[in-house]
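Read the structure below first, then the notes.
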Amino acid sequence: MIFLSIILGIIYLKSGITKSKKIYQFYIAIGEYNLVTDKYLIHLTTILVSLEITISIGYFLFLNNLIFFSISLILQLFYILILFKNKTKNFEKNCNCFPLNVPKEISLNTIISNIFLFLLIIINYSVLI
Amino acid sequence: MKITILFILISLLLVYHYIILLKDKRYNKGILNAGDITLNDFKGIIIFIDKSTDLENFYYFKKIKKNIHKEINSTVVAIDLTENELNVNWELINRLKVENIPSLMYVDKLQSHLLISFNDDLVEKNPKPNNIAKIAIQNYRRINKE
């Protein structure tokens, strides 16, 4: 099941690096979801991008720590919840650079992909312990 | 050990991303709207961009501005051609002879010279931001010599 950890690591690394390279666009995209006020948006964006890259490295290190598992699960759950909450909305200022987590238009496929990723995290942890 | 590595990594990433985002926000705040520009005393290079695509090309024009600004005073002006046309300062746009957006103009107290139009073959062949900035600076120097 090392294979599954590597797959998760690649997914998170690719997603995290894209967000890091286009962090301002990600900041605007997350801002459109109206989760926090402008004052805290910069903190939320910074935490999300940094967490994603750190999680990917954790998967490459085959970490099976409960805290690490909980954090990656909470992050994935966070994305699923904001997708559900905003599923009827269309985001004008979204550059559509992050179709997995914060797409311009939320489709059923996006939600399913995120739920699938959530399940992969659980399977990976249950196999590693 | 692994957790310590991750803890150090996330701390560094948090600081790095926070600083980058602050810089990006500061750059974005510095972009002028076409309706707000008063350039009576301005001397330098103006990068005219289309507001409707400014988010898409955010880092592209930021890099061009950064490279130019190292040597010459420069500013970015976003023109919104999709919304209310009354918001655009047409008088100034006409006086500066802006014919193409995006484009780079050298402005010296309302005297303007086109430095780069993004329709040019030279630009289309090598549209990298470093190259654009280099051509703009070369053209600026040529104009100043004449």
Just to verify a number: what accessible area does A:L128 come out at with the full protein assembly present, 1.4 Å probe, Å² rounded to tens? 50
Hey, can you find the accessible area per residue of the range B:1-84 for me, probe 1.4 Å, expressed in square angstrom? 58
Taking N as the number of residues in the range A:15-64, what value does Rg over Cα atoms divided by 2.2 N^0.38 Å take? 1.26
With a 1.4 Å probe, how much accessible area is buried between chains A and B, both sides summed, in Å² to the nearest hundred? 2100
Helix A:2-21 axis, angle to chain A major axis (alpha carbon atoms, nearest 10°): 30
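What pairs from A:K104/B:K134; A:K19/A:K87; A:K39/B:K70; A:K104/B:K70 go past 29 Å between their alpha carbons?
A:K104/B:K134; A:K39/B:K70; A:K104/B:K70
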Inter-chain shielding metric for A:50-63, i.e. average beta-carbon neighbours from other chains within 10 angstrom, reads 4
Treating only the Cα positions of chain A as identical point scatterers, give the base-10 log of I(q)/I(0) from the Debye formula at each q in 0.21 Å⁻¹. -1.26
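Rounded to whole Å and ordered largest first, report the semi-axes of the equivalent ellipsoid of the protein assembly as shown derived from its Cα gyration tensor (root of 5λ).
Working from the Cα gyration tensor, I get semi-axes of 44, 20, 15 Å.
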Would you mind telling me the share, in percent, of accessible area of the range A:1-111 contributed by carbon and sulfur at probe 1.4 angstrom? 68
Angle in degrees between helix A:66-85 and the longest Cα principal axis of chain A, rounded to the nearest 10: 30
With no solvent and one point on each alpha carbon, what is the Debye value of log10 I(q)/I(0) for chain B at q = 0.11, 0.14, 0.15 Å⁻¹? -0.47, -0.69, -0.77
Can you tell me the Rg and Dmax of the range A:63-129, counting just the alpha carbons, in angstroms? 13.6, 44
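The values are calculated or read from the model by the stated rules, or taken from the named source; none is laboratory data. Computed from a predicted model, the values in this text were never measured in an experiment. Please note: Cβ atoms are built from the backbone with ideal geometry, for glycine as well, and neighbour counts cover all protein chains shown. These area figures cover heavy atoms from the full protein model, side chains too; ligands, DNA and RNA do not enter into them. Shrake-Rupley method; radii C 1.70, N 1.55, O 1.52, S 1.80 Å.
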